[in-house]
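Q: Please find one structure pasted underneath; my questions will follow.
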Amino acid sequence: MKVLIVSDNHGQAEVLRQIKARHQGEVDLFIHCGDSELPSSSEEMKGFYGVRGNCDFDDDYPQQLTKEIGNHRLFATHGHLYQVKSSLLPIKYAAEEENANIACFGHSHIAGVEYLDGILFINPGSIELPRMTRNKTYAILDAKDACYFVHYYNEKGEKLSSHTFEK
């Protein structure tokens, strides 16, 4: 199972078109963790399961979503409603309430991944306005039998880093 996760493009539509075209047919699911600042009906957002960020004004985006993918349950939200800039605890509780073993979020613009108490937390960073790095990033999760592999890419599709977690 492969999932592409992106967040915080803040109105930059072309980068979403490029990412989608680059990985079409390679990934099983496209997730957008909010602050696209694009209408949910826009061509760029077609194919993405997106959530509403604090800079999104389209009411058609849900605040959160849960997707079943194989033996995995993925919870996605923007993160601003769960204080992700200070702690993973509120989003951990939300993921547990949804029986999710993967939690994806944005908001902080800081790429990061952590495996805690059976839940994989993925922040893809920002594809437009990164913090604590110059790299504009998105992530691809590759879930295998006993491992999670999380790969970070820049906006040009160049791999920046990879992380492995045993379930």
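The values are calculated or read from the model by the stated rules, or taken from the named source; none is laboratory data. Just so you know, these numbers come straight off a predicted model, no measurement behind them. Cβ atoms come from the backbone with ideal geometry, glycine included; neighbour counts cover every protein chain shown. Just the protein is used for accessible areas: all its heavy atoms, side chains included, with ligands, DNA and RNA removed. Shrake-Rupley method; radii C 1.70, N 1.55, O 1.52, S 1.80 Å.
Q: Need one number: % antiparallel among DSSP beta bridges in the chain, to the nearest 5.
A: So the antiparallel bridges in the chain amount to around 70 percent.
Q: Another question, if that's okay. Once every DSSP H run of n ≥ 4 in the chain is given -39500 (n - 2.57) and the sum is divided by its residues, what mean residue ellipticity at 222 nm do you get, rounded to the nearest 500 deg cm²/dmol?
A: It lands at -3500 deg cm²/dmol.
Q: Right, another one. Just to be sure I follow the definition: excluding the sites themselves, where is the longest run in the chain that has none of the GluC sites (Glu not before Pro) in a DSSP loop with at most 10 other Cβ atoms within 10 Å?
A: Answer from the scan: 27-157.
Q: Taking a temperature of 4 °C and a viscosity of 1.567 mPa s, what whole-number D in µm²/s does Stokes-Einstein yield for the stretch 5-55 with Rh from Kirkwood over alpha carbon pairs?
A: Rounded, D is 120 µm²/s.
Q: Separate question: Could you order Leu74, Leu129 by accessible surface area, starting with the largest, using a probe radius of 1.4 Å?
A: Leu129, Leu74
Q: Using the reciprocal of the averaged 1/r over all distinct C-alpha pairs, how large is the Kirkwood radius of the stretch 109-159 in Å?
A: Computed over the stretch 109-159, the radius equals 11.5 Å.
Q: So what is the orientation-averaged projected area of the stretch 42-112, using the convex hull of its C-alpha atoms, in nm²?
A: 5.4
Q: Work out how far the C-alpha atoms of the stretch 66-167 reach from end to end along every principal axis, then list the three figures in whole Å, largest first.
A: Principal axes ranked by extent give 34, 31, 20 Å for the Cα atoms.
Q: So which aspartates and glutamates can Lys136 reach, going by Cα to Cα under 15 Å and dropping same-chain residues fewer than 8 places off?
A: Those aspartates and glutamates meeting the cut-off are Asp8, Glu14, Asp35, Glu128, Glu155, Glu158.
Q: Of the listed pairs Lys85/Lys159; Lys144/Lys167; Lys20/Lys46; Lys46/Lys159, which have alpha-carbon separations greater than 21 Å here?
A: Lys85/Lys159; Lys46/Lys159
Q: Let me ask something else. Leaving ligands, DNA and RNA out of it, report the carbon-plus-sulfur percent of the accessible area of the stretch 1-133 at a 1.4 Å probe.
A: Heavy-atom surface of the stretch 1-133 belonging to carbon and sulfur, 1.4 Å probe: 47 percent.
Q: Rank Ser87, Ser126, Ser40 by mean-square fluctuation in a GNM of the chain with C-alpha springs under 10 angstrom and give only the top-ranked residue.
A: Ranking Ser87, Ser126, Ser40 by mean-square fluctuation puts Ser87 first.
Q: Okay, moving on. Please report the antiparallel percentage of the DSSP beta bridges confined to the stretch 74-139, to the nearest 5.
A: 45
Q: Using all alpha carbons of the stretch 1-138, what is the percent of pairwise distances in each 10 Å bin, ordered from the shortest bin to the longest?
A: The percentages, shortest bin first, are 13, 47, 35, 5.
Q: Net charge around Gly106, counting only other residues with Cβ within less than 10 Å of its Cβ (Lys, Arg = +1; Asp, Glu = -1)?
A: Net charge in that neighbourhood comes out at -2.
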